[in-house]
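Data block below; observations after.
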Amino acid sequence: MLTDKLILTSYYFAFFNFASEKTGSWKFFSSFNFGAAVNSGKMLRFFLKRLELIVTRDMNAAVSHRSDQPMPGTLSPRDCKMAVELDVFVGNTTIMDEEVYQLWLDGYTVNDAVKVRMAGGVLDECEANQDVLLSDTMDQYRTFQMCERLLQSPAKLANQLLFQIPPHRQTMLIERYYAFDDVFVREVLGKKLSKGTKKDLDDISAKTGVTLKSCRRQFDNFKRVFKVVEELKGPLVENIRQHFLLSDKLARDYAAIVFFANNRFETGKKKLQYLTFQDFAFCAGQLINNWTVGAVDNMVEDMDVDLDKEFLQELKELKILITDKDLLDQHKSLVCTALRGKTKAFAEMEANFKNLSRGLVNIATKLTNTKDVRDFFIDLVEKFIEPCRSDRWTPADIKLYLTHYTNSAHILDSFKHQAVWDRYMGVIKSCIYKMYHD
Amino acid sequence: MPGKLKAKIVAGRHLPVMDRASDLTDAFVEVKFGNTTFKTDVFPKSLNPQWNSEWFKFEVDDEDLQDEPLQITVLDHDTYSANDAIGKVYIDIDPLLCTEAASVISGWFPIYDTIHGIRGEINVLVKVELFNDLNRFRQSSCGVKFFCTTSIPRGYRAAMVHGFVEELVVNEDPEYQWIDRIRTPRASNEARQRLISLMSGELQRKIGLKVLEMGGNAVVGYLQCFDLEGESGLVVRAIGTACTLEKHSSGSLVNTHTHPNTAPASNACNSPSKDGKEPVFGEDLPSSSGPPTPFRNLPTSSSSPPPFSPCKPCSRQSSSSDTDLSLTPKTGMGSGGSAGKEAGPLKTLLRQQTQTALEQRGASSSGLLLNAREFPFFTLTSFPPSFLVHVGGVVSARSVKLLDRIHNPDEPETRDAWWEELRQEIKSHAKALGCHAVVGYSENTSICEEVCILSASGTAAILNPRYMREGCLDIGSTDQRFDDPSPPSCGFCHIPYDELNMPFPAQLTYCYNCRRQKVPDVLFTTINLPAEAAVTGKGCLIQARLCRLKKKAQGEVNATAISNLLPFMEYELHTQLMNKLKLRSMNALFGLHIQISVGENMLLGLASATGVYLTALPAPGGIQIAGKASGDLNNEQHVQSIQKRINDTIAKNKELYQINPPELTEEGVGSPIPEPRHRSRLFRSHSESSDEVSELDLSHGKKDAFVLEIDDTDAVEDIHSLLTDASPPTGFYTCNTETMPGIYNWTTAVQMFTSVRVLRLSNANLSNQSLNKIFTDLCENLLKSFYFKLRSNIPCCLCHLNFTVAVPEEELIQVSVTAVAMTFDKDQNQEGFITKGGNETEEQLQFPLELCADSSSTNAQPSSKFSGVPENTIVSSRAASVDYGSFADRCSTWLELLRLKANTIRRGSVKTSRRTQSLAHSVSSLEHCSPLTEGRPRSLRSSRSFGGSSVTMVKMTPLSFLPGTRIIKFLGIINMFFIRETTSLREEGGVSGFLHTFIAEVFAMVRAHVAALGGNAVVSYSMKDCVLMENPNKNQAQCLINVSGDAVICVRETDQEPMTSMTNIGQTCAADGAT
């Protein structure tokens, strides 16, 4: 009988592991040789039936022991001494502590969160003890988990009935839920928001120090926003803001992420490592505002996500600036005249003009290729920023140079593509200016 | 006859995905009332369907309107298989039947499924057209208003308080019917929900009928409970206080008659029966002898004929209330017997007694000023000023019964008889305390398997007869006692019983406030602290907790074992309360609620109350520790150290609760009091014995320190537990009454919450002590949790902390708490609160003013409030409460009493009456009683506070008011019952996750219903039941929750609005009522 019990107990274990397969904590299971039996649902039910008959105390112990590990979508019951079977606190107005919310968002487990809170000195505030803290943290975590479904479609949060949350708190909840870590987003920026990337999240988590749970949330947020705006007409930022009730700043950031993901810009190369997410976000904003279909027509699908194909075609025309020798020389002299005496780096500018100009125009002409679009940023760095940096241009120099470089082209008689040039150089100028730092 | 119910289904939103293939739903709706069903069209492929249906019309009896809920089922259309139910909404249309309440129900309701919880929302419009019905034999009672609030609802005035109404209906529990074996859990749950909804509708209707018969138009303090008796059935019972309420109005524009007329039957139905009954509460009631001596004449001749014949309304099925047992001197009838099976024959016995009682009653009519018809019980806990004359003390009774199957649901005789006994018991206790009424009355049960403990408790009191009947009082005669009562700030503390024939040993002293009448040294009550009471310092929650193991047993053996344990538990709870009270240096308990819960192998006792220091009562003596007799030096030291700790704690508590009565100076310097006291003695001279007692008065001093003996480990434990009770952290106050004395400047921030904790006792062989410790810790930890969670609300007071304990299964202890955290403004002191306090007082004051409009005392009332020293006080000559005098004499100690109790219990029920006493001192906070300082600010902002955002914020509170707001309209009672079940417990986050979701859902549904009625708040909210059953091994759990409250519209109180707007509000209300 004893052995019988034992075996059943282990089945019990096995079942649990089976149920929590997704968490990847299935090791226990394999140590028992009952794989086949457990895998068949019929057998499973059979064993469970028998289990009910022989429910022993050991088993209860086993259960509580086992469930220390959190399962997806559930919380581990308190690992408290023995006693508290159930512990809930529900307020008519949902009580949410911002600090705990942040810990939850950051992916801390309940126990870790309790430690952090204790270190933070909450206990002194109210003569509380660790149990109280644990209970409070559990409650809040549960609340957040229940809320999560709503946070994923924030519009629902406002007119759902389950939680009574004052509007300003709702805003806070949403804003924080959709907030992300710059280190994390930097890793996935420009990557395809697919299952493949999702699998790499552990690596990213290890690399960035952001917990896996938090990584998943952020990644899923990106994906969700991406999916929703994909099918919408109208301006990207506005769509994001309305659908996810985000602040303008956050909506812009999401627009950037969506834009990068859609165009798959390469951002991970070593040479680009020095750039922050905010740099890219700014550039994305520029591109969205000037180079997409939406920049000319604002009622097309995907208007802000895809680059304006016609425009990219037209960019090819710019080639004349470097292929036509006369034009190139003329351009150079105009720029040099304007710059002379205004900067210490004049000599280098003069010397590098043709190289730099070729670089920029080549980037423009190649943009019809998707591959080259992806390399847009790396090209900018290689062809322009790096040479300038090695010549120790100051940011002011860059600005000056690009301004004159752009304007001088207008004076060129034989250069007819003024509009395209402006549309192109406007973005390039501000992007480079933003990207030109250490 | 009839009414027309109209319903329209507008739209749905957030529906769940029912069709996996398309990720959409083809939803349609069935609307059912009674046996009629309508369907909407299918709205294909949408999670946010717009049905915009026609008006579905149901032509139904108003009886059905009262009983039945409107049942709305949302389904997913399936071409090939059966349609899947998404969920249901039950809408109680009762609020629409009362012309004064809501006129339309319109809003988003959560679609609820007992397995999946809330699944989207549906927008519904419901209206009722009611035709006037003048049929006097009708069965319905539309128009009677129900309030959960246990005081006269704000904005109303009680023209008359008719008294106790009760009713009880029984049925088989669908969960235990044979069919349950073959139907799905969902079907079974729904059957149960529906049945309970029907039963409570029926119950309400029947109570309404009784009220109409009595001539009332409302029930306040309506308390409905379910007893899930398992195999033996399902009992729904309710008690309440019938009243005639009038809308408050300063102008005479809106008058009394607005609604009695709208509820036509109240008059129509009344008249035929009136002739028979009027004498009972009508003009026949002479005012010759005052309530202080209500039963004086009782045993005298039965010469005069019975004032009425016991009328038995044929309509009612319940039998209980028809039996007019009344003031029969207790003949020591064995009330029940622990095996309740003999109730049948007992019933006849009771009936016989009834007859005699009726005969006797004729003679005693002088004493039966109130509600002579049945029990002089009132479920109210707060009263208008001067309503409550004296308070005797807590009376309670318990009885242990064995449940058996309810054979015939139409004859709930047995259950009725059980309660009858208890009430009888309570009444006799009250009588022993020299009181003619019981206020703050409540009843509850605890069931475990087939054993059931019935408990009833209340506060014996003497009420001002003026409120009890119509017409004017015959002032000319002897009744000045009431016209000019003791100062309101202390009058209620004065003893109602005769000091020579006290029902129990007590030390009486002259009132420290007025120095004229006797007060006990300690006062226990179940009511709220009267608003006008003079209190020193703040109060706090005091709890006594107790666990007692018992052997597992079956049937009668079990019942006997429980009966034997009960008196000891009561005794110990009482001792604990007493000790804790002393430790906090307080002398009175309000809102005392003792709950005894029975489990298979243990009994749990939890007594909660709010301790305060009543200025009128003497300062409590300290607690003195007495060691063992042996001269052990170690022990001696130990005792001393404990004594020191206790003294320190007392000192600390005094500071904490700001209890600094000026007693010391008074005694040392020689107070200014002697004069009034002297006078009082003068008055007293014609009453017996006053002199030597007043002599005693001063000498008593502090000599009555409470002595605790440490002679065994138990006592040590006791003391430890006494000292381990943590006081709330700074910034927090706690009480289980409506408000905390000394705090008046509430802000509008309220946070109502419910918390449930279940503890599993892992070790099977626990001792009583360790069990006690666990239980105490459980409660203490809960409180600590609250403090922590609500720390952002500091400074705040946790009001109406209502603890409920249960033993859901062996080795499990469940504690549920519902309370409200109310923030107050610390900086703004005195001035702020005086106006506020005055405000409230005045609002209620309307009531007496109106009532005694033609009595000479009209003016005396408020003025005496100012003076605090009314002139011609006649100190009552207290007549003996004859039949219990001897009883009281015998009980010289508590132990004696205990023994007596033990005796009683052997006969089946426990009774307790408690109360003690000692010394006096003075100083009342007169400012507190200045009633006329301010006009009621009125404003008409109702429309502003709701609308706006898509979801109305609905505030909930267990209190009868919301601070900083004014209730402008009561929309009707909310009484909802939900079942939730799951077969995927783990996936829902375990039991905690399951219950968390469920409670949140219940809140959501309550809020939605209130919002649909047009309200923005629920007052007097309570969670009556929370029954949780779990089986983690099967991955299953089931939970039942019953909640109730009053839906209201309230508006922000904008200060100092001109008085003229008051009339406006009155008109608006009337207009609303008429629409």
When you check A:Val228 against the structure, is it out of contact with any Gly (no Cβ under 9 Å at 6 or more places or on another chain) and away from chain B (no Cβ under 11 Å), yes or no?
yes
Are any residues in segment B:531-566 assigned to a helix (DSSP H, G or I) and among the small types (Gly, Ala, Ser), and if so, which ones?
B:Gly555, B:Ala559, B:Ala561, B:Ser563
When you go through B:Ile426, B:Ile453 one by one, which is the residue that is under 30 Å from B:Leu228 (Cα atoms), at pLDDT 90 or above and surrounded by 24 or more Cβ atoms within 10 Å (Cβ to Cβ)?
B:Ile453
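Kindly indicate whether any position in segment B:995-1011 is away from chain A (no Cβ under 11 Å) and free of Cβ contacts under 8 Å to residues at least 60 places away in the same chain.
Yes, that holds for at least one residue.
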Members of segment B:120-138 found to be surrounded by fewer than 18 Cβ atoms within 10 Å (Cβ to Cβ) and modelled with pLDDT under 85, listed by number
B:Glu129, B:Phe131, B:Asn132, B:Leu134, B:Asn135, B:Arg136, B:Phe137
Note on segment B:63-109: residues aromatic (Phe, Trp, Tyr) and within 14 Å of chain A (Cβ to nearest Cβ) are B:Trp108, B:Phe109
Which condition breaks for B:Val10 when tested against (1) surrounded by 15 or more Cβ atoms within 10 Å (Cβ to Cβ); (2) within 24 Å of B:Ile115 (Cβ to Cβ); (3) among the β-branched types (Val, Ile, Thr)?
(2)
Can you pull out every residue in segment B:23-60 that is closer than 22 Å to B:Gln193 by Cα and acidic (Asp, Glu)?
B:Glu30
Which count do you get for residues in segment B:170-219 that are in contact with a Gly (Cβ under 7 Å, 6 or more places away or on another chain) and either β-branched (Val, Ile, Thr) or modelled with pLDDT of 90 or more (or both)?
3
Inspect segment B:29-38 for any residue being under 24 Å from B:Val128 (Cβ atoms) and among the acidic types (Asp, Glu) and give the result as yes or no.
yes
Answer with yes or no whether B:Gly3 is of a type in the set (Gly, Ala, Ser), buried (at least 18 other Cβ atoms within 10 Å of the Cβ), away from chain A (no Cβ under 14 Å) and in contact with a helix residue (DSSP H, G or I) (Cβ under 7 Å, 6 or more places away or on another chain).
yes
Which is at pLDDT below 80 and among the aromatic types (Phe, Trp, Tyr), of B:Tyr510, B:Tyr497?
B:Tyr497
Within segment A:400-427, track down each residue that is assigned to a helix (DSSP H, G or I) and among the hydrophobic types (A, V, I, L, M, F, W, C).
A:Leu400, A:Leu402, A:Ala409, A:Ile411, A:Ala419, A:Val420, A:Trp421, A:Met425, A:Val427
From the set of residues in segment B:13-62 that are of a type in the set (Asp, Glu), more than 14 Å from chain A (Cβ to nearest Cβ) and not in a strand (DSSP E or B), which is surrounded by the most Cβ atoms within 10 Å (Cβ to Cβ)?
B:Asp62
What residue, among those in segment A:121-178 that are within 21 Å of B:Glu1001 (Cα to Cα) and assigned to a loop (DSSP other than H, G, I, E, B), is farthest from the other protein chains (Cβ to nearest Cβ)?
A:Gln152
Search result, residues across segment B:191-227 that are surrounded by 23 or more Cβ atoms within 10 Å (Cβ to Cβ), of a type in the set (S, T, N, Q) and part of a helix (DSSP H, G or I)
B:Ser200, B:Gln204
Only one residue in A:Glu148, A:Glu187, A:Glu175 is within 24 Å of A:Phe244 (Cα to Cα), buried (at least 22 other Cβ atoms within 10 Å of the Cβ) and acidic (Asp, Glu). Which one?
A:Glu187
Being at pLDDT below 85, aliphatic (A, V, I, L, M) and out of contact with any helix residue (DSSP H, G or I) (no Cβ under 6 Å at 6 or more places or on another chain): is that true of B:Leu722 here?
no
Answer yes or no as to whether A:Val183 is under 13 Å from the mean Cα position of the chain (by Cα) and either within 14 Å of chain B (Cβ to nearest Cβ) or of a type in the set (Val, Ile, Thr) (or both).
yes
Of the residues B:Leu65, B:Leu47, which single one is touching a Leu at 6+ places or on another chain (Cβ under 7 Å), under 24 Å from B:Phe978 (Cα atoms) and touching a residue at least 40 places away in the same chain (Cβ under 8 Å)?
B:Leu65
Could you figure out which of (1) of a type outside the set (A, V, I, L, M, F, W, C); (2) farther than 24 Å from B:Asn444 by Cβ; (3) crowded, with 21+ Cβ neighbours inside 10 Å isn't true of B:Gly599?
(2)
Within segment A:382-406, how many residues turn out to be over 20 Å from A:Leu334 (Cα atoms), surrounded by fewer than 20 Cβ atoms within 10 Å (Cβ to Cβ) and touching a residue at least 40 places away in the same chain (Cβ under 8 Å)?
7
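To keep it simple, each residue is scored yes or no on (1) among the aliphatic types (A, V, I, L, M); (2) more than 8 Å from every other protein chain (Cβ to nearest Cβ); (3) crowded, with 20+ Cβ neighbours inside 10 Å; (4) within 18 Å of B:Val1043 (Cα to Cα).
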position: B:Val750; (1), (2), (3), (4): yes, yes, yes, no
position: B:Leu766; (1), (2), (3), (4): yes, yes, no, no
position: B:Gln769; (1), (2), (3), (4): no, yes, no, no
position: B:Phe775; (1), (2), (3), (4): no, yes, yes, no
position: B:Lys789; (1), (2), (3), (4): no, no, yes, no
position: B:Thr804; (1), (2), (3), (4): no, yes, yes, yes
position: B:Glu810; (1), (2), (3), (4): no, yes, no, no
position: B:Val815; (1), (2), (3), (4): yes, yes, yes, yes
Identify, from the list B:Ser442, B:Ser399, the residue that is part of a strand (DSSP E or B), touching a Leu at 6+ places or on another chain (Cβ under 7 Å) and either more than 26 Å from B:Ile495 (Cβ to Cβ) or modelled with pLDDT under 85 (or both).
B:Ser399
Given the conditions (1) closer than 21 Å to A:Leu287 by Cα; (2) at pLDDT 85 or above; (3) surrounded by fewer than 16 Cβ atoms within 10 Å (Cβ to Cβ), and given that A:Val361 satisfies all but one, which numbered condition is not satisfied?
(3)
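The values are calculated or read from the model by the stated rules, or taken from the named source; none is laboratory data. None of the values given here were measured: they were computed from a predicted structure. With ideal geometry, Cβ positions are generated from the backbone for all residues, glycine too; neighbour counts draw on all protein chains shown.
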